[in-house]
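Okay, so here's the structure we're looking at.
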Amino acid sequence: MTATLAFHIKTIPDTDGLRILYDLPQDTSAKDVANIAYHQARQQHGTEFLPLYQQRICAISCALRAGESLKVWSLASNNAPEAEIIQSFFAVIDQYKPQIISWNGNAFDLPVLHYRALIHGVNASAYWALYGVDIGINGHSPACHLDLMAKLDAFSHHTNAGLNDLAKLCGFSGQSSLDGAKLWDTYKVGGIDAIRADGEVAVTNIQLLYLRFQLMRGQLSHAAYEAEIKLLA
């Protein structure tokens, strides 16, 4: 059985990098730097969503199905540098060589990981050897990376379903709620545990939707599907 790794990243403004880009004094507070960046984004794009390379990864939540086991956890801690979090993620890929599964990973999670790994000089050689040739060609996922949202929407990019909404419609919990400014506010007050928990809810829902997708396309029998759901529970 091929190992699978569902993943979901959580990001905050890269205030250190934004100080450089905006040529701000080093003593400018992270709060003020982020406010400036959000203001610039609103002025230019009408939204506070920052360019991908200006976002720093503060947690990566994973659901690893390998052998007879399944593990859900987050790569993050109060003091872990971003480079360490990213390196740990690529180490999991190096060890298990899984099919990786995301929700909107082609448009968000993977580009952010690529930019941030480049900035920090992270070693991701196994990842690029396994996945790099095909990633991003015409926006389609290679066999080793399944962007479940893009696949279900037939790569149209016009009818994307939200993870929470679709999970709830399938009878799952949904409930992941920390994104954007709310996530940044939580991070500022030391809420990394809440961010980790929220990411783990999200990645659990990605895993659940993946299992339902496998059932739908006949890759899992009903009995095998129920066994996987029981294992995840």
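If I ask for residues that are surrounded by fewer than 17 Cβ atoms within 10 Å (Cβ to Cβ) and in contact (Cβ under 8 Å) with a residue 60 or more places away in the chain, which ones from segment 164-178 would you list?
Passing the criteria: none in range.
Give the residue that is farthest from PHE7 (Cα to Cα), with candidates limited to residues of segment 43-76 that are out of contact with any strand residue (DSSP E or B) (no Cβ under 9 Å at 6 or more places or on another chain) and of a type in the set (Ser, Thr, Tyr).
THR47
Has segment 113-124 got any residue that is farther than 22 Å from MET149 by Cβ, of a type in the set (Lys, Arg) and in contact with a helix residue (DSSP H, G or I) (Cβ under 7 Å, 6 or more places away or on another chain)?
no
Out of all the residues in segment 1-41, which are in a loop (DSSP other than H, G, I, E, B) and touching a residue at least 24 places away in the same chain (Cβ under 8 Å)?
Within segment 1-41, MET1, THR2, ALA3, ASP14 meet the criteria.
Take the residues of segment 4-40 that are in contact with a helix residue (DSSP H, G or I) (Cβ under 7 Å, 6 or more places away or on another chain), among the hydroxyl-bearing types (Ser, Thr, Tyr) and over 24 Å from GLY105 (Cβ atoms): which is surrounded by the fewest Cβ atoms within 10 Å (Cβ to Cβ)?
My answer is TYR22.
Only one of these conditions is not met by HIS120: (1) surrounded by fewer than 19 Cβ atoms within 10 Å (Cβ to Cβ); (2) under 23 Å from LEU70 (Cα atoms); (3) of a type outside the set (S, T, N, Q); (4) modelled with pLDDT of 90 or more. Which number is it?
So the condition that HIS120 fails would be (2).
Looking at (1) of a type in the set (Asp, Glu); (2) buried (at least 16 other Cβ atoms within 10 Å of the Cβ); (3) within 30 Å of LEU130 (Cβ to Cβ), which is the one condition that is false for GLU68?
All conditions are met except number (2).
Within segment 189-227, track down each residue that is of a type outside the set (A, V, I, L, M), within 23 Å of ASP109 (Cβ to Cβ) and either in a helix (DSSP H, G or I) or under 17 Å from the mean Cα position of the chain (by Cα) (or both).
ASP193, ARG196, ASP198, GLY199, GLU200, THR204, ASN205, GLN207, TYR210, ARG212, PHE213, GLN214
Quick one: which residue in VAL201, VAL189 is out of contact with any strand residue (DSSP E or B) (no Cβ under 7 Å at 6 or more places or on another chain), within 18 Å of LYS71 (Cα to Cα) and either surrounded by fewer than 19 Cβ atoms within 10 Å (Cβ to Cβ) or touching a residue at least 24 places away in the same chain (Cβ under 8 Å) (or both)?
VAL201
The values are calculated or read from the model by the stated rules, or taken from the named source; none is laboratory data. All of these numbers come straight from a predicted model, not from anything done at the bench. We place every Cβ from the backbone using ideal geometry, glycine too, and count neighbours over all the protein chains shown.
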